[in-house]
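Here is the structure we will look at.
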Amino acid sequence: MEDPVQRHPTRGEQLDILATLIADTVDRGQAVLEFGCGVGYVAHLILEKRPDLDIVGVDRKGDALQQAQDTLPAGRFTAIEGDLEAIGDIAIPDKAYGAIFTALTFHDLPDPAKQAVIAAAAARLAPGGCFLLYDRLRLDAPSLFPLQQSIWSRIERVHGRGMRTADSFNAYVEDLGTDNRPARLADYLDWFPAAGLTPQVLHLHGNVALIGGAKG
Ligand SMILES: C[S@@+](CC[C@H](N)C(=O)[O-])C[C@H]1O[C@@H](n2cnc3c(N)ncnc32)[C@H](O)[C@@H]1O
């Protein structure tokens, strides 16, 4: 399956880490839940490593869910259509989830919805399970912005293509909007413990983070 999101040059490595963490830690018989699964590309990466796992994918786009269902191995993927901004209304199957994750979706959500999804994940995780969040972090210190620009330039040099960048901190802030509202690292470090999850930054490249939250 081809990666439908081509804009992040570091995504390949970071998704491999995410899929490896899930493949290595989810017990046999446990399920995996993804919030914002799109066409099921990350589910595909996980199933390549652990063909025995059952994955439930939630998304608001019916056509993307249909594509996921048509592409992923039969019987391994359950598609649930729903809006993460109303997480309480989504009929998530009751399973023992050893891992719950989300990839490049949280920046689409308003902050209260982000917190509600984190809380819903914590409530549904099996004991010892992990919530894994992969998304861009909001940059909020103008004085650090030149360092971020240097990292973006290096990514372009090393990978031959760039990612979402800005020429100045003000241009970066102007580009933030309703479909681009990443949270700050400091927010996640508040919201995870508030939901009963112990947070750890597991991988960071530029401003794209993989954060884990352990239950218990
Ligand atoms: C950039 S795509 C990432 C898809 C997949 N996680 C991946 O990494 O390949 C973001 C996905 O989140 C979904 N999404 C965004 N906001 C949503 C919401 N409020 N409720 C449900 N899904 C949402 C979009 O429909 C889209 O499929």
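Computed from the coordinates by the stated procedures, all read-outs in this text should not be read as laboratory data. Quantities reported herein were computed from a predicted structural model and do not represent experimental measurements. FYI the Cβ positions are ideal-geometry reconstructions off the backbone, even for glycines, and counts take in every protein chain you see.
Details
- The label-point distance for residue 28 and residue 107, in a model that sets each label 7 Å from Cα toward Cβ, rounds to 4.0 nm.
- Length-normalised contact order of the chain in % [C-alpha pairs under 8 Å, at least 6 apart]: 20 percent
- Rounded if a/c under 1.5, otherwise prolate or oblate - region 174-216, Cα gyration tensor axes: oblate
- Within straight-line reach of residue 95, meaning a Cα separation under 17 Å, sit the following lysines at least 8 residues removed in sequence or on another chain: 215.
- FRET efficiency, 1/(1 + (r/R0)^6) with R0 22 Å, evaluated for residue 140 and residue 48 via beta carbons: 0.05
- Of 161, 11, 50, the one that fluctuates the most in a GNM where the chain has Cα springs shorter than 10 Å: 161
- Overall form of region 33-115 per C-alpha gyration tensor (a/c, 1.5; a/b vs b/c): prolate
- Likely footprinting exposure, 55, 155, 17, fewest C-beta neighbours within 10 Å first: 17, 155, 55
- Fully extending the segment from residue 149 to residue 161 would add 2.9 nm, taking 0.36 nm per residue of separation and subtracting the current Cα-Cα distance.
- Sorted fewest first by neighbouring Cβ atoms within 10 angstrom, 203, 8 come out as 203, 8.
- FRET efficiency, 1/(1 + (r/R0)^6) with R0 35 Å, evaluated for residue 201 and residue 170 via beta carbons: 0.80
- Remark: 52, 27 ranked as 52, 27, counting other beta-carbon atoms within 10 Å and listing the fewest first.
- From the alpha carbon centroid of region 24-93 to that of region 158-184 is 28 Å.
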